[in-house]
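Note sheet for the following structure.
The values are calculated or read from the model by the stated rules, or taken from the named source; none is laboratory data. All figures in this text were calculated on a predicted structure; none of them were measured in a lab. When we count neighbours, we look across all protein chains shown, and the Cβ atoms used for this are built from the backbone with ideal geometry, even at glycine. Keep in mind that these areas ignore ligands, DNA and RNA; they rest on the heavy atoms of the full protein, side chains included. Shrake-Rupley method; radii C 1.70, N 1.55, O 1.52, S 1.80 Å.
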Amino acid sequence: MGWTFTSDPAVYQAAVQHVLERDPVRNTVALTVLDAISHGQRFGEEPCTLGWFTDPAGEVTGAVSQTPPYGLLLTQVPGGTEGSLVAELRRRRVSVPDVTGERALAWRFGQLWGSHTELIMAQRLFELDRLNQPDPAPAGNPTPATAADVGLIMHWLEGFRAESEPRAGGTPRS
């Protein structure tokens, strides 16, 4: 069967949601992106590139997505299909400025894509399985944010984005 692509979030969601939900912790970024684009969010002016791999038995076993201006998210790429993924993206003339994914997979993709490969950022994902209350409890009480807090919250968000996405720059869009 191979790789299939669309720019339609609803078609992509129907194809891959069940695959991504099998391991929601590992696929948290992909599920978050899928939820956002399924509810109409766009990250840029260019259309999304949304793909899935269907194995010879007809089962969807892979998922990738690109929401410009961001690069290609290699969520699940079955071993041995990297070459056909690269070929199909090239055939479709998709520009891939960068990739995000597990280190070994991102490296293999970069080698097959034929461009300079450089590690920009390594990340880890932790799962919180329990929350322990600090002893003694900190002073103060949580309060809801108000319109007066927007400037401070945007400052924090921009600082976080600058640290977590060194190439992103600019202000996030909603």
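Scanning region 143-165 for residues that are modelled with pLDDT under 85 and open to solvent by 80 Å² or more (accessible area, probe 1.4 Å) yields one hit, Glu163. The set of residues in region 84-136 that are open to solvent by less than 70 Å² (accessible area, probe 1.4 Å), more than 15 Å from Thr49 (Cβ to Cβ) and not polar (S, T, N, Q) comprises Ala104, Leu105, Ala106, Gly110, Gly114, Ala122, Pro134. State which residue pairs qualify: first residue under 20 Å from Val29 (Cα atoms) and inside region 152-164, second residue open to solvent by 80 Å² or more (accessible area, probe 1.4 Å) and modelled with pLDDT under 90 in any location, beta carbons under 7 Å apart, and separation of 6 or more residues or different chains. Listed pairs, sorted by first residue: Glu158/Thr171. No other residue among Gly51, Gly62, Gly58 is modelled with pLDDT of 95 or more, within 18 Å of Ser84 (Cβ to Cβ) and open to solvent by 40 Å² or more (accessible area, probe 1.4 Å) apart from Gly58. For first residues located in region 91-105 and under 19 Å from Thr4 (Cα atoms), partners that are among the polar types (S, T, N, Q) and open to solvent by less than 60 Å² (accessible area, probe 1.4 Å) and lie 6+ apart or on another chain with Cβ distances below 6 Å form the pairs Val94/Thr49.
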